[in-house]
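The values are calculated or read from the model by the stated rules, or taken from the named source; none is laboratory data. Given the structure is predicted, the values throughout are model-derived calculations rather than measurements. Don't worry about glycine lacking a Cβ; one is built from the backbone with ideal geometry, like all the others, and counts go over all protein chains shown. Ligands, DNA and RNA are excluded from the accessible area calculation, which covers all protein heavy atoms including side chains. Shrake-Rupley method; radii C 1.70, N 1.55, O 1.52, S 1.80 Å.
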Amino acid sequence: MKLNPQLPIIALDFASDKEILQFMRLLPEGPHNIKIGMEVFYLGGPQLLETISSQGHAIFLDLKLHDIPNTVMRSMRILAQLGVAMVNVHAAGGRKMMEAAKEGLIQGTPAGGKEPLLIAVTQLTSTTKQQVKEEQLISVGLEASTLHYASLSHQAGLDGVVCSPHEAKAIKNITHADFLTVTPGIRPKTITSQDDQHRIADVETAILNQSDWLVVGRPITQATDPKAAYLDIVEKMAQTKKSICIGGIYGN
Ligand code: C5P
């Protein structure tokens, strides 16, 4: 099942498959774009993916692989058989590792099928400038490091990167308009908590900054009315995209 670009990708960071399936009942009728992360995949694994896919939803499996090229290639061969729409690696694993990931997906995808989109994490949206400097010892800084990882991912033949909404436009400029930008760290204007995220943006800013896919977790999962929170985000995405189209045709 393909991801729907008109909708956000909902990050379902829950502790069990039971909680995930229960929460999904609070959402409007699908199909939805669902992101499954490490915690619940390690617990429920392929069985949970099967259940979600059988309900018609598209899945971004966010396992952020980062290992030697051979291990990543062999693991991607397996992930390609799970029927998910998008998977990812850490760009810090290097160009060879990313190429190996792509190769694994091609080898593992069942005949006649389309391999999942392959995305690289540049710098985590929870990472600060200070951490990049003091912990990673990267002297060029956070933004240059992110752009460099994006360029490397593009050269390795990946489909796009996970980045902060603030970096999406610059990444498109140095790669290609079709190179996908997948952005977590979305906090609608009505929400005051940024949780552990540092490089955040509201829905409108993310779209205007050329984010292709908005990944939204807690603003939906922790909302008192998840359905309303979700629909509000969908509406804001549509309105902003419409305003860009109108601006593109009639503006400037
Ligand atoms: O709850 P929140 O909206 O902050 O969730 C963001 C989701 O995106 C989480 O599941 C997190 O693991 C994921 N993510 C991220 N930053 C990245 C890559 C993935 O926040 N660079």
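Quick one: would you say Val161 is of a type outside the set (Ser, Thr, Tyr), outside any loop (DSSP other than H, G, I, E, B) and modelled with pLDDT under 95? Taking the combined requirement at face value, the residue does not satisfy it.
Looking only at residues of region 112-134 that are part of a loop (DSSP other than H, G, I, E, B) and modelled with pLDDT of 95 or more, we find that the one that is farthest from Asp62 (Cα to Cα) is Glu115. Would you confirm whether or not region 193-211 contains a residue that is in a loop (DSSP other than H, G, I, E, B), touching a strand residue (DSSP E or B) at 6+ places or on another chain (Cβ under 8 Å), open to solvent by 20 Å² or more (accessible area, probe 1.4 Å) and on the phi > 0 side of the Ramachandran plot? Yes, some residue in region 193-211 is in a loop (DSSP other than H, G, I, E, B), touching a strand residue (DSSP E or B) at 6+ places or on another chain (Cβ under 8 Å), open to solvent by 20 Å² or more (accessible area, probe 1.4 Å) and on the phi > 0 side of the Ramachandran plot. Criterion applied to Glu143, Glu135, Glu115 was being away from the ligand (no atom under 13 Å from the Cβ) and under 22 Å from Ile34 (Cβ atoms), and the one residue passing it is Glu115.
Checking the structure you have, find out if any residue of region 42-51 is closer than 24 Å to Val89 by Cα, buried (at least 16 other Cβ atoms within 10 Å of the Cβ) and aromatic (Phe, Trp, Tyr). Scanning region 42-51, I find no residue that is closer than 24 Å to Val89 by Cα, buried (at least 16 other Cβ atoms within 10 Å of the Cβ) and aromatic (Phe, Trp, Tyr), so the answer is no. Gly185 falls short on exactly one of the conditions (1) within 15 Å of the ligand (Cβ to nearest atom); (2) over 29 Å from Ile106 (Cβ atoms); (3) free of Cβ contacts under 8 Å to residues at least 60 places away in the same chain; (4) touching a strand residue (DSSP E or B) at 6+ places or on another chain (Cβ under 9 Å), and that condition is (3).
Considering region 171-192, and only residues there that are open to solvent by 30 Å² or more (accessible area, probe 1.4 Å) and over 18 Å from Ile10 (Cβ atoms), the residue that is farthest from the chain's Cα centre (by Cα) turns out to be Thr192.
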